[in-house]
Amino acid sequence: MRKLIAITVILALTIGGLAGCTKKTTTTTTVKKDDVELTYYRLFDDEDIFEPLIREYESENSHVTINYRKFTDPDKYIDLIINELAEGEGPDIFSMHNSWFTQHRKKLSPAPSTLISPTNFEEVFVSVAGDDLILPDETGTNAVYGLPMYVDTLALYYNKDHFEDAIPSRGKPAPTWEQLQEDVYKLTKSDNSFERFEVAGIAMGRADNILRAIDILYLLMIQFGTEFYDSGYTEATFADNAGSTGGLSNPGVDALTYFTQFALPSSKYYTWNAYLADDDSAEKEVKTFARGKVSMIIGYSYLYEEIMDQVAELEKKGQSAISSETVKIATIPQVEDPETSTEKRDTYASYFAETVSRTSENSDEAWKFLSYLVEQENLAHYHEQTNRPTSRRDMIEEQMEDSTYGVFAEQIGYAESFPVANADAYTEIFAETIDAVVNTADPDDALKDAADAVNLYMPTEGLYPVTVVTEEE
């Protein structure tokens, strides 16, 4: 062993070889790669989805062993990772939601630029992924902090039978929000039941019993032209009366007003209340849609399977449910009609990306494995297993042909997001904002309160400070 160590040291000094690379001496003595064990934490996806990919990588890289661990609770998952990293432990590789990267950037090890540079990243992956995952490192240089296996977006699920009955001239949802609220008015059927509606036009307006209420509000704020922060990312500005295109005095307030109108009994478009979906249930408005009690709901690609599961569950219990053939998916409405307007379209993106922890002792090997995972062939396997829309530009056109999920591939190119200082805090803040308006608060005042609350989480040096991270941090 002492002789081998001595040989290795001499080789490193005289030849300048890279650590971990296989070299031979003149006497044919070989210094082999050290075995590498990588721990991989991931949410939701079962191990059998990744097992063939992991086994193939291990067979091509015999010195690498990858241990996969699945989690199902996002809150417990991120808390566990943060606590483990604080103790200098934790996984080498883990998934992070795109809204978490700004907040937790210092806990991550960016990809080596020699493996994937920001320029390479932007050539391969869709635009929103670059916005979320290319961040300044501690020197201020842009670096890649995550690799996405998919990018999901909000789309509009609708009951085709309801539209054929109430709006037969079109048979599908309107392309703009202004027209869509008129659709809601035509689709809504009031009655004297406890729920007050025989059929609700759309599940919007409340934060408590709508699964993706906050994301829908974010979507509207983006589409209406809201400026979330000042130029230095030091202060929230979404409540400022900055003006926007179309003559709107405050796009943030207009977005909030539009969203909440559907839950206000005083509104012409009142269609949603606390009794239409159970806020304590995991299904919320999805079950209401499966029962045929609401014509439209908004959600991501995985919502389709959840609807089908609810339909099957209701039928199993002998309860009334819609036919699976009546479930259709449309692109998300826009402020302006895409058929006649040159304005950029927008939808809201939500996805998890794979990253490497700062505490990993094998970060280069971890990034090599992630680079392998996002190769076209491997993402094709992932899509086949999950139906999640691709993150790669070169796979979009093929996935657009899918009769069910093609809408999500179609929307990837104009998906948007925005950086957040604390994802959980923002969710709570905007939920309280929605609740306040539903309980008759003035939307201007409610949004100003939200901005004040968000500012408590804004770092004084901005969301993207350039600081040297010490060992203790």
Fill in the blank from the handout: Screening A143, A129 for residues that are buried (at least 22 other Cβ atoms within 10 Å of the Cβ), over 20 Å from Y302 (Cβ atoms) and either in contact with a Pro (Cβ under 6 Å, 6 or more places away or on another chain) or charged (D, E, K, R) (or both) leaves only A143
Exercise for the section: Could you list all residues from segment 317-339 that are surrounded by fewer than 19 Cβ atoms within 10 Å (Cβ to Cβ), farther than 26 Å from I412 by Cα and not small (G, A, S)? Expected result: K317, Q319
Exercise for the section: Considering only segment 53-75, state which residues are more than 17 Å from I93 (Cα to Cα) and under 25 Å from the mean Cα position of the chain (by Cα). Expected result: D73, D75
Practice task
Just name the residue that is surrounded by the most Cβ atoms within 10 Å (Cβ to Cβ) out of those in segment 113-126 that are hydrophobic (A, V, I, L, M, F, W, C) and under 20 Å from the mean Cα position of the chain (by Cα).
Solution key: F125
Problem - Single match in D402, D435 (criterion: at pLDDT 95 or above, over 17 Å from the mean Cα position of the chain (by Cα), within 30 Å of P265 (Cα to Cα) and open to solvent by 10 Å² or more (accessible area, probe 1.4 Å)) - result: D435
Practice task
With the condition kept exactly as written, say whether any residue in segment 303-311 is more than 22 Å from V407 (Cα to Cα) and surrounded by fewer than 19 Cβ atoms within 10 Å (Cβ to Cβ).
Solution key: no
Exercise for the section: Please work out if E339 is modelled with pLDDT of 95 or more and among the charged types (D, E, K, R). Expected result: no
Completion exercise
Sole miss for L314 among (1) hydrophobic (A, V, I, L, M, F, W, C); (2) more than 15 Å from L220 (Cβ to Cβ); (3) buried (at least 23 other Cβ atoms within 10 Å of the Cβ) is condition (3)
Exercise for the section: Scan segment 160-172 and give yes if some residue there is among the polar types (S, T, N, Q) and open to solvent by 10 Å² or more (accessible area, probe 1.4 Å), otherwise no. Expected result: yes
Completion exercise
Taking segment 379-395 and keeping only residues that are aliphatic (A, V, I, L, M) and either part of a loop (DSSP other than H, G, I, E, B) or surrounded by fewer than 17 Cβ atoms within 10 Å (Cβ to Cβ) (or both), one is left with A380
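The values are calculated or read from the model by the stated rules, or taken from the named source; none is laboratory data. Quick caveat, the model's predicted, so the values are computed rather than measured. Cβ: placed from backbone, ideal geometry, glycine included. Neighbour counts: every protein chain shown. Calculation scope for accessible area: heavy atoms of the full protein, side chains included, ligands and nucleic acids excluded. Shrake-Rupley method; radii C 1.70, N 1.55, O 1.52, S 1.80 Å.
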